[in-house]
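**Student:** Please read through the structure below; I'll follow up with questions.
None of the figures in this text is laboratory data; all of them are computed from the coordinates on show. All figures in this text were calculated on a predicted structure; none of them were measured in a lab. Quick reminder, even Gly has a Cβ in these numbers, built from the backbone with ideal geometry, and neighbours come from all protein chains shown.
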Amino acid sequence: MRLERLTLIRVAMPLVRPFTTSFGSQSAREVLLACADIGGVQGWGECVAMSEPVYNSEYVDGVEQVLSDHVVPRLMDVDDFTIDEVGQILRPVVGHHMAKATVETALLDAWLRSVDRSLADYLGATREQVLCGVSVGIAPSMEALLAEVDGYRQQGYRRIKLKIQPGWDVDPVREVRALIGPDLPLTVDANRAYDRSTMHTLLALEDFNLQMIEQPLPEDDIAGHVQLAQLLTTPLCLDESICSTFDAIDAIERGACRIINIKPGRVGGYLESRRIHDACAERGVPVWCGGMLETGIGRAANLALAALPNFTLPNDTSASERYYRRDLTAPFVLRDGHIAVPSGPGIGVEVDLDMLQAATTGRRNLTRATPG
Ligand code: SMG
Ligand code: MG
């Protein structure tokens, strides 16, 4: 294929309720979309970076600059490439996985549409629907938390994940476990909020039959996760620490985690996500698909990934209505705790152009220096 044009579109998407984690609160997403044109066929990629570099080092303005100045020109310099060569072409640019994933996904979608094949089929999906959990932010009060969890439980989510931080951990877990009963899977995600001096608090969570504890310690403290894992029977799961297949294998071999959260943006795209899936499967480590409050565009691709065989745990792929009053695609709906995997060509969904137009705050075309 040949990248004729890449359009970057900024979209303002208010959340149905603020989402608070140990690193901050957000009430809207500033979404950057990429629309790639490969000889008349268009494909979409959604950037999952946040407005500020608080989840990882990337952020929306930085992604836009790195795409326009460093990533897209490298692709436009090559007259003909395959999707498998994109990673190699972008190799000179160090890091910037969310930026690279955005453009690789747009190219992948465009190419798959041009050959009339679905992303799910291309990645190797083995299921038509995906098991869904829901991630619940740090709440303003215990009453508010329980009301929110109760709503999700009634909607049929198959796993509740609570965001925790020092001071908001054992009590909310105890109360939520009492509310939902012993059987519904419950997990916690600290987003790196503990360290080696405070991690012992987490031992008190052993009483609540948690399916996992996600990313308790800083992303670079693999040795700390190994120490903590030896103190716990509850499995540890890594999110922010895992940015590549290498990281995944290293963390597993060192005993830092028994479960891995795969977020395509964090690891540089869906091709690297599939490699991590395969490496984990070979080592008997289950994976699940994380979320970054994606619109229907990113969610569609995540559902295709989560349809792979080793995605055996509930995914952070919740229904559109959990995030947005109106999505950028037809809404994804939860049915019996699952969401259907799109089966159409590419990511399998169409962008709602009226909604896109209404929510667009900026647009920029990146074109080849010498067209033709
Ligand atoms: O998309 O449902 C979702 C959000 C899932 O909790 C979620 N994501 O660390 O796993 C995580 C967080 C990071 C995103 S915070 C904006
Ligand atoms: Mg996480």
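**Student:** If you fit an axis through the alpha-carbon atoms of helix 142-155 and take the longest principal axis of the Cα set of the chain, what angle between them do you get, 0 to 90°, nearest 10?
**Tutor:** With both axes taken from Cα atoms, the answer is about 60 degrees.
**Student:** How big is the antiparallel share of DSSP beta bridges in the chain, given as a percent to the nearest 5?
**Tutor:** Bridges in the chain that DSSP calls antiparallel: roughly 60 percent.
**Student:** Let me ask another. Mind checking which lysines have their Cα closer than 26 Å to the Cα of K100? Skip sequence neighbours fewer than 8 apart in that chain.
**Tutor:** K263
**Student:** OK, next. Quick one: work out Rg over Rh on the C-alpha atoms of segment 242-336, Rh as Kirkwood radius. Walk me through the intermediate numbers first.
**Tutor:** Details: Rg = 13.8 Å, Rh = 13.7 Å.
Radius of gyration over Kirkwood radius for segment 242-336 works out to 1.01.
**Student:** Using alpha carbons only, how many angstrom separate the centre of segment 99-122 from the centre of segment 284-327?
**Tutor:** 17 Å
**Student:** Report the charge-dipole magnitude of segment 42-140 in Debye, nearest 20, computed about the Cα centre from +1 at each Lys and Arg Cβ and -1 at each Asp and Glu Cβ.
**Tutor:** Details: 6 positive and 16 negative charges, 60 e Å.
So the magnitude is around 280 debye.
**Student:** What number, in percent, do you get for the relative contact order of segment 41-130 if the mean sequence gap of Cα pairs under 8 Å and at least 6 apart is divided by its residue count?
**Tutor:** With pairs under 8 Å counted, the relative contact order is 43 percent.
**Student:** Taking Cα pairs under 8 Å and at least six residues apart, what relative contact order does the chain come out at, in percent?
**Tutor:** Relative contact order of the chain: 23 percent.
**Student:** Here's something else I'd like to know. Counting DSSP beta bridges in segment 47-192, what percent are antiparallel, to the nearest 5?
**Tutor:** 10 percent
**Student:** With an 8 Å cut-off on Cα pairs and a minimum separation of 6 or more residues, tell me the relative contact order of segment 43-191 in percent.
**Tutor:** 21 percent
**Student:** By how many nm would the segment from E282 to T201 grow when fully extended, if each residue of separation counts as 0.36 nm and the alpha-carbon distance is taken off? Provide the component values of the computation, followed by the final result.
**Tutor:** Values: separation 81, 0.36 × 81 = 29.16 nm, distance 3.32 nm.
Additional length available on full extension: 25.8 nm.
**Student:** Any idea what % of Cα-Cα pairs in segment 1-70 are farther than 19 Å?
**Tutor:** I get 42 percent for the Cα pairs in segment 1-70 exceeding 19 Å.
**Student:** Still on this model: At 1.567 mPa s and 4 °C, plugging the Kirkwood radius over alpha-carbon pairs of the chain into Stokes-Einstein gives what diffusion coefficient in µm²/s?
**Tutor:** 62 µm²/s
**Student:** Give me Rg over Rh for segment 1-152, both radii from the alpha carbons and Rh done the Kirkwood way, two decimal places.
**Tutor:** Computed over Cα atoms, the ratio is 1.04.
**Student:** Could I ask something else about it? Only helical DSSP H runs with n ≥ 4 go in: add -39500 (n - 2.57) per run for the chain, normalise by residue count and round the 222 nm mean residue ellipticity to 500 deg cm²/dmol.
**Tutor:** Helix contribution divided over all residues of the chain: -9000 deg cm²/dmol.
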